Amino acid sequence: MEVSAQMVKELRSRTGAGIMDCKEALKEKNGVLDEAIKFLREKGLSNASKKAGREVSDGQIYTCINETATIGSLIEVNCETDFVARTEEFQTVLETISKYVMEKEDSSNTITETDDFLEDIVKSAIAKLGENIQFGRADKFSLENQKVGRLESYIHPGAKIGVLLELQCESTDIQDSEEFKETAHDLCMHIAATNPQYLSQDDVPDNIISAEREILFAQLAEEDKPQEILDKIVEGRIKKFKKEICLLDQPFVKDTDVDIGTYIKNKSEALNEKIALTHFKCYVLGESQIDSSNT
């Protein structure tokens, strides 16, 4: 049968598929719209399976926070090229997944596996965009009912780095103040710039320190120095290593004369009540992530 432009337009609006794919589906199913939609879906699943093995070296980080700044999500979705990552269709995928993670009541804090909904979103995106699309990971933050504070996020230009954090205070007056919001934003910007792995030195696992110590001793193996001197050198470098990877010990990027712990303390004094950074995540596209909870 002859396929009209109006039929193609309607099918495209329902599925987002390309013009030629819509024409093929309508011809195959004799112009029956519902059957053409089913045909495109089946074809999309088949194409998704074929594309699944292709490397996804690009993508974007995306964040979503509710109006009260009490629930938020940080996600990573990967694709093959920057061209696709910047399309309106890919942005819609990011928005859909981030809102789903944020609103999913039974979700854990960190999500690395897809469920049926995420599988459908990804497969539909592959069919529309013609590239392998993969859900990378997601984190959901929820400010508990008895806590006062706000969630804040930051996506660096290019969407390859993203931050989500929880900043607590003691009163709703401070929670809603511009200075408190600005403090949360500045902390996000700092984290994006330095990508700390842990909140404080107490959070660094013993095995991380042991591994770093072994590396340092191996580097000094040919040094003709007494063992006690080597021990002091290594311990000095371990202290420096901890400060580099722990947020509270890092020099604040906007004022390197103070570290982040001191910056937060100074802000507490200025606001006349205690504020505390309790939880953060920093995503760098393609990198695995360490839990940065304050334990």
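The values are calculated or read from the model by the stated rules, or taken from the named source; none is laboratory data. In this text the structure is predicted, and so the values were computed from the model without any measurement. So basically every Cβ, Gly included, is an ideal-geometry build from the backbone, and we count neighbours across all protein chains shown. All accessible areas refer to the heavy atoms of the entire protein, side chains included, with ligands and DNA or RNA removed. Shrake-Rupley method; radii C 1.70, N 1.55, O 1.52, S 1.80 Å.
I'm trying to understand the selection: among the residues of the stretch 187-211, which are part of a helix (DSSP H, G or I) and surrounded by fewer than 18 Cβ atoms within 10 Å (Cβ to Cβ)?
Correct list: 189, 193, 194, 201, 202, 206, 207, 208, 209, 210, 211.
Pull up the stretch 81-135, narrow it to residues that are closer than 21 Å to residue 57 by Cβ, part of a loop (DSSP other than H, G, I, E, B) and open to solvent by less than 40 Å² (accessible area, probe 1.4 Å), then point me to the one that is modelled with the highest pLDDT.
87
Can you report the number of residues in the stretch 155-186 which are open to solvent by 10 Å² or more (accessible area, probe 1.4 Å), on the phi < 0 side of the Ramachandran plot and not in a helix (DSSP H, G or I)?
Of the residues in the stretch 155-186, 12 are open to solvent by 10 Å² or more (accessible area, probe 1.4 Å), on the phi < 0 side of the Ramachandran plot and not in a helix (DSSP H, G or I).
What are the pairs with Cβ atoms under 6 angstrom where one residue, in the stretch 230-243, is free of Cβ contacts under 8 Å to residues at least 40 places away in the same chain and the other, located anywhere, is outside any helix (DSSP H, G or I)? Sequence gap at least six, or different chains.
Final answer for the pair search is 230/220.
Within the stretch 189-222, count every residue that is in contact (Cβ under 8 Å) with a residue 60 or more places away in the chain and over 14 Å from residue 242 (Cα atoms).
5
Out of everything in the stretch 136-153 that is at pLDDT 85 or above and either open to solvent by 40 Å² or more (accessible area, probe 1.4 Å) or among the charged types (D, E, K, R) (or both), what residue ends up being farthest from the chain's Cα centre (by Cα)?
It comes out as 147.
Tell me whether the stretch 245-266 contains one or more residues that are among the polar types (S, T, N, Q) and touching a residue at least 24 places away in the same chain (Cβ under 8 Å).
yes
Starting from residues that are at pLDDT below 95 and not in a helix (DSSP H, G or I), keep the ones in the stretch 223-252 and report whichever is most open to solvent (accessible area, probe 1.4 Å).
224
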